[in-house]
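**Student:** Take this structure first; my questions come after.
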Amino acid sequence: MSTFLDRRVFLEHGLRLSLATAAAGTLPLAQAQSLGESPSASKNREGMQTEPQVNQFLASQHKAGQAFSNYGMPSIHENRVIRLIGSNRMVAGNGVSWTPLESLEGIVTPTGLHFERHHNGVPEVDPARFAFTLHGRVAKPLRFDLAGLLRYPMQSRMLFLECGGNSNAGWHEEPMQKPVGSFHGLVSCSEWTGVPLNYLLDEAGIDRKATWAIAEGLDAAATEVSIPVSKLRDDALLALYQNGERLRAENGYPLRLILPGWEGVRQIKWLHRLEFTDQPVMSRNETGEYTQLLPSGKAEQFDFVMGPKSLITSPSYGQTLGSPGIFEVRGLAWSGHGSVAKVEVSADGGKSWSTAHIDGPVMPKCFARFRAAWKWEGKPAVLQSRVKDDQGNVQPTRANLIAQRGRNGYFHYNAIVSWAVDSDGTVRHVYA
Ligand SMILES: Nc1nc2c(c(=O)[nH]1)N[C@H]1C(S)=C(S)[C@@H](COP(=O)(O)O)O[C@H]1N2
Ligand SMILES: [Mo]
């Protein structure tokens, strides 16, 4: 029997809570947060505040507040919600920082928590001296300063951005015990605004034989990759803004390439040059790295699209359920092929599935937030989620992914994630 319930259970549950509150004169704050069973009206359970306590708190707030600021920061009480950094000691400025997905809600990643992947540090680019060049096999090479680019018509799109190396601990023999963000947090979702590259391609007149473009960044490593011209025509953006403000230095200020749904490494930051050619450049980031070694021993190159993926962010590793009762299972789903069409959740390790609710609007190549009401009876359970996109792609089980890709995999890990809830309410990562 499924332990997932109709989401209306929360409406009924919530109403009962507030009526109980009025009668007892207490605020069931702790109960409401832990989503346990509704408290009985007469008892002042542990964690609840009494009326004198509430009044004391209100009185303590009645004084002049802090000065206001030129640029806002999160509440000081939330200062543990940060990106954890993993740096490569062998190469200066090489490393990653992880988005703490387990601490966030909705689909937008706050810009200051957008994951980072740097091959050679964050360059400081002077916008006054910056220029972007479009050259190579074109009828008319183009060169722009920022003022010039800012005059072009723009487009905004909500898009996820994911590193091809995200979740690669999933390939480990033993399930890694770390919070969601330190395992799957090389993915974030922002509103990107910029100039559709298509406009500039027409203006430059791309040679018919130019099927590839080489994109190069201004970082010390001059990070470069090859991109098929068809993708640049299709939906590429020259992004200048992220979540309404100009790009952050870490995310490519003043200009970066955005390739909706494609692996992060192609989306060159501090983009200063696009060169049109008839063949890929075969850079390190598309030969030595970001390729898949297949069971046959051959390496698959140019695996551009990030496959369908979903994961439960709550409950997840590091969280504790508290007393048995009704919980909202929450998570994220996305696909580089298109829009999230369906998310299913299981509490028995994939034997039975229920359809989760998805918050709208659902946008292509963008995070979708899913939710399901779940009754935890205090028994061991294995929670999973699985996404299907509107192009018919389904998130694989770990066994399926390994059968397909073998044991030499490193990039593009998108298998179903399993969280075991133990009878004491602790949550572990398991392979199921
Ligand atoms: N110039 C430049 N562009 C780059 C990189 C880089 O190191 N240098 N890293 C790439 C990789 S591997 C990823 S996953 C994304 C990360 O983008 P973010 O740091 O804005 O999240 O940028 C890509 N673009
Ligand atoms: Mo990446």
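The values are calculated or read from the model by the stated rules, or taken from the named source; none is laboratory data. Just so it is clear, the structure is predicted and the values come from calculations on it, not from any experiment. Glycine gets a Cβ as well: all are built from the backbone with ideal geometry, and neighbour counts include every protein chain shown. Side chains are part of the model used for accessible areas, which takes the heavy atoms of the whole protein and leaves out ligands, DNA and RNA. Shrake-Rupley method; radii C 1.70, N 1.55, O 1.52, S 1.80 Å.
**Student:** For His357, what accessible surface area do you get with a 1.4 Å probe? Give it in Å², rounded to 10.
**Tutor:** Accessible area of His357: about 70 Å².
**Student:** Out of the total accessible area of the range 327-396 (probe 1.4 Å, heavy atoms of protein only), what percent is carbon and sulfur? Let's see the in-between values first.
**Tutor:** Details: 1200 of 2580 Å².
Solvent-exposed carbon and sulfur of the range 327-396 make up 47 percent of the total.
**Student:** What aspartates and glutamates does Lys298 reach when the alpha-carbon gap must be under 16 Å and sequence neighbours fewer than 8 apart in one chain are set aside?
**Tutor:** Of all the aspartates and glutamates, those that pass the test against Lys298 - Cα under 16 Å, at least 8 places apart if same chain - are Glu286, Glu289.
**Student:** For the range 309-430, what class follows from the C-alpha gyration tensor (a ≥ b ≥ c being the square roots of its eigenvalues): rounded when a/c is under 1.5, otherwise prolate if a/b is larger than b/c, else oblate?
**Tutor:** It comes out oblate by the Cα gyration axes.
**Student:** Summing -39500 (n - 2.57) over the DSSP H runs of n ≥ 4 in the chain and dividing by its residue number, what mean residue ellipticity at 222 nm do you reach, to the nearest 500 deg cm²/dmol? Present the calculation step by step, with values, prior to reporting the outcome.
**Tutor:** Details: 9 runs with 69 residues, N = 432.
Computed ellipticity for the chain at 222 nm equals -4000 deg cm²/dmol.
**Student:** Is the shape of the range 253-293 best called rounded, prolate or oblate, per the rule: a/c under 1.5 gives rounded, else a/b larger than b/c gives prolate, else oblate, with a ≥ b ≥ c the square roots of the Cα gyration tensor eigenvalues?
**Tutor:** Values: a/c = 1.99, a/b = 1.33, b/c = 1.50.
Verdict is oblate for the range 253-293.
**Student:** At a Förster radius of 51 Å, what calculated FRET efficiency corresponds to the Cβ-Cβ distance of Val362 and Met90, to the nearest 0.05? Before the final figure, lay out each step's value.
**Tutor:** On the way: r = 42 Å, r/R0 = 0.82.
Calculated value: 0.75.
**Student:** Take the solvent-accessible surface of the protein heavy atoms, probe 1.4 Å, and return the percent of it on the range 111-290 that carbon and sulfur atoms account for.
**Tutor:** On the way: 3190 of 6690 Å².
Looking at the range 111-290 in its full context, I get 48 percent from C and S.
**Student:** Now, a different point. Mind giving me the FRET efficiency for Glu78 and Glu289? R0 is 35 Å, r the Cβ-Cβ distance, nearest 0.05 is fine. Walk me through the intermediate numbers first.
**Tutor:** Values: r = 35 Å, r/R0 = 1.00.
Calculated transfer efficiency: 0.50.
**Student:** Let me ask another. Taking amide hydrogens as modeled 1.01 Å from N in the peptide plane, which residues meet the under 5 Å criterion relative to Leu332, leaving out close sequence neighbours?
**Tutor:** Leu311, Thr313, Phe370
**Student:** On to the next question. In straight Cα distance, which lysines are under 19 Å from Lys342, not counting same-chain residues fewer than 8 positions off?
**Tutor:** Once the sequence-local lysines are set aside, what remains near Lys342 is Lys309, Lys351, Lys365, Lys388.
**Student:** Please determine, in degrees from 0 to 90 and to the nearest 10, the orientation of helix 8-24 with respect to the longest principal axis defined by the Cα atoms of the chain, where the helix direction is its Cα long axis.
**Tutor:** Orientation of helix 8-24: about 50 degrees from the principal axis.
**Student:** Using 7 Å Cα-to-Cβ label points, what is the Phe10/Ser296 separation (nm, one decimal)?
**Tutor:** Here the modelled spin labels are 4.7 nm apart.
**Student:** Could you list the square roots of 5 times each eigenvalue of the Cα gyration tensor of the chain, that is, the equivalent ellipsoid semi-axes, sorted largest first and rounded to whole Å? Numbers along the way, then the final one.
**Tutor:** Numbers: eigenvalues 376, 149, 69 Å².
Working from the Cα gyration tensor, I get semi-axes of 43, 27, 19 Å.
**Student:** Net charge around Gln292, counting only other residues with Cβ within less than 14 Å of its Cβ (Lys, Arg = +1; Asp, Glu = -1)? Numbers along the way, then the final one.
**Tutor:** Details: positive: Lys298, Arg405, Arg407; negative: Glu263, Glu286, Glu289, Glu300, Asp303.
So the surrounding residues net to -2.
**Student:** For the chain, give me the percentage of DSSP beta bridges that are antiparallel, rounded to the nearest 5 percent.
**Tutor:** On the way: 80 of 86 bridges.
Around 95 percent antiparallel, to the nearest 5.
**Student:** With every protein chain left in place, what is the accessible area per residue of the chain in square angstrom, probe 1.4 Å? It would help to have the intermediate numbers written out before the result.
**Tutor:** Details: 20640 Å² over 432 residues.
Value returned for the chain: 48 Å² of accessible area per residue.
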